[in-house]
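Written out below as structure tokens is the structure these notes cover.
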Amino acid sequence: MKTRSKRMSFSIFGLIALPIVTTIATPAHSAEPVAGLPLEKARICITGFDHNRPDPFPGLGDFIGWVGDMVRLKNGDLLFTHSAGYWHVSFATPIVLSEDLVESYKNAGLDLNHKAPTGGRVMACRSSDNGKTWSKPELVYDGKLDAGPSATCVTDQGTIIQMINVQASWYGFPDAPAGHQKLNTRQLYIRSTDHGRTWSEPKPLKSSGTYYTRGRSRILQLADGGLLWMSYDMNKGGSLLDGTVHRSDDDGKTWRIVSMIRRRKPVGDQFDAKELVVSGDVDRFLQLGSPKDDGWIDTDEGDLARLSSGRLVLVVRPDGGILVSDDQARTWKQISRVGPKYVYAPHIVVLRDDTLVLTAGGSGGQCVFLSSDGGRSWSDPIRIDPSCYGYGKLTRLEDETIFLSYVQKHSAPQRCMLVRFRVNKARDGVELLPVGD
């Protein structure tokens with residue numbers, strides 16, 4: 001019981017200290033310092049506790065909020081999704097916590113007397129001038145429990161799809177207390193065909209974990225029109241996180257599982273060892289059962305990208321593992337790792353020349369890493385904002401400049417920040433640019 005609640009308290013804060021190996025792939029380049037504007041002039045606040053704040057609602061505090069995705073709508077506007085609540089996890093109240101979590105959560109800023117009948121909400125801001133100015137946050141989704149944005153995308157048909165993370169009001173127990181949501185965290189999805197002005201009724205995504213299913217991967221559209229989204233899952237009675245790739249072939253109306261991923265801890269640079277990654281359809285995966293030893297490593301907080309060849313790239317926490325698939329996500333192999341240290345919240349875009357641009361935390365604030373060889377080798381970390389907590393997401397714009405949205409802190413008071421940058425021609429550094437030009 002104690003071990004399980006300790007593991008889950010770490011998973012809330014994203015600060016798991018895992019015994020991962022320290023050798024990494026040789027850097028592709030030695031990255032130059034960040035060029036262009038000073039950070040203070042390049043960075044803007046989209047919304048926050050003290051800027052462009054949402055209108056009051058029951059339970060709203062100063063955690064505004066986790067960043068979602070920034071997407072280009074078919075009408076040309078930008079839509080930025082985010083959460084709004086009161087804490088790192090804005091539980092709907094009342095909250096049921098295991099006894100050994102109470103003090104640590106209070107020390108981290110959780111006010112157990114705060115009243116939030118439905119917890120946090122998914123909200124969005126709009127921009128019609130390429131991010132220079134933003135509308136007041138508007139409601140996207142509010143349910144009975146705490147909700148945050150997992151992923152937002154605009155399909156080729158112009159449909160907006162929003163994945164929603166729904167957090168139960170309990171933590172630290174092996175099973176849900178009576179009367180509570182059975183899964184500790186589950187996913188819903190909604191769709192909009194009018195640029196996000198109205199939304200469909202929420203539908204549940206089939207949970208691939210028996211304890212929880214979470215995710216922050218982008219929804220990636222393939223050349224054949226299919227959509228992929230990666231979640232990470234925990235099963236009852238265990239603590240290992242497995243990866244799952246979900247697919248839709250009807251513009252996000254329905255989803256199915258196409259592959260599940262479990263990884264063994266690499267030894268040295270044995271990234272190409274066939275036994276390192278076990279992936280495939282659900283039947284093959286279920287034959288693995290529960291992990292029987294400590295030789296496995298989490299497949300956590302992943303993000304997906306696609307190279308011009310059709311090869312898919314997946315980057316995951318905690319080791320920055322780089323996995324690839326040549327059969328539309330059905331099977332995977334690991335080819336490298338990114339980052340000199342622990343990597344969390346990775347997010348990735350691909351430039352037209354197949355340069356991979358990845359942002360992640362773990363190397364000091366919000367960093368960017370570059371790869372010009374399909375992810376086999378990576379630059380040293382390029383520190384965009386060394387002072388922040390991060391959890392950033394990337395959006396590639398039409399001119400090949402990139403938006404990076406991220407948060408400043410892990411708790412309230414919170415702001416959602418935005419910078420714009422360009423990767424230099426040598427592909428070994430970045431230039432900070434004004435937002436909105």
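Only the coordinates and a few stated rules stand behind these numbers; no lab work does. All figures in this text were calculated on a predicted structure; none of them were measured in a lab. We place every Cβ from the backbone using ideal geometry, glycine too, and count neighbours over all the protein chains shown.
More than 41 angstrom separation, counting every C-alpha pair in the chain; what % is that? Walk me through the numbers before you get to the answer.
Numbers: 8316 of 95266 pairs.
Beyond 41 Å sits 9 percent of the P(r) for the chain.
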## Note on the structure
Most exposed to least, judged by fewest other Cβ atoms within 10 Å, THR198, THR213 sort to THR198, THR213
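Give the order of PHE91, PHE49 when sorted by the count of other beta carbons within 10 angstrom, beginning with the fewest. Each step should come with its number before you reach the end.
Details: PHE91 27, PHE49 19.
Going from sparsest to densest Cβ surroundings: PHE49, PHE91.
Counting other C-beta atoms within 10 Å, which of ASP249, ASP242 has the fewest, and how do the rest follow?
Details: ASP249 14, ASP242 25.
Least crowded to most crowded, the residues run ASP249, ASP242.
For the chain, what is the mean residue ellipticity at 222 nm derived from helices alone (per DSSP H run of n ≥ 4: -39500 (n - 2.57); sum divided by total residues; nearest 500 deg cm²/dmol)? Numbers along the way, then the final one.
Values: 4 runs with 30 residues, N = 437.
Computed mean residue ellipticity for the chain: -2000 deg cm²/dmol.
Given Cβ point charges of +1 (Lys, Arg) and -1 (Asp, Glu) and nothing else, what value in debye, to the nearest 20, does the dipole of segment 2-433 about its Cα centre take? Intermediate results must be reported in sequence, preceding the final value.
Numbers: 54 positive and 49 negative charges, 91 e Å.
Computed charge dipole of segment 2-433: roughly 440 debye.
Highest mean first, how do 220-230, 74-84 rank when packing is the count of other Cβ atoms within 10 Å averaged over residues? Let's see the in-between values first.
Values: 220-230: 17.9, 74-84: 21.8.
In descending order of packing, they fall as 74-84, 220-230.
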### Task
Work from the charge dipole of the chain (Cβ charges, +1 for Lys and Arg, -1 for Asp and Glu, about the Cα centre) and give the residue of GLY310, GLN187, CYS125 farthest towards its positive end.
GLN187
### Task
Evaluate the relative contact order of the chain (contact order divided by residue number), counting alpha-carbon pairs under 8 angstrom at least 6 apart; express in whole percent.
17 percent
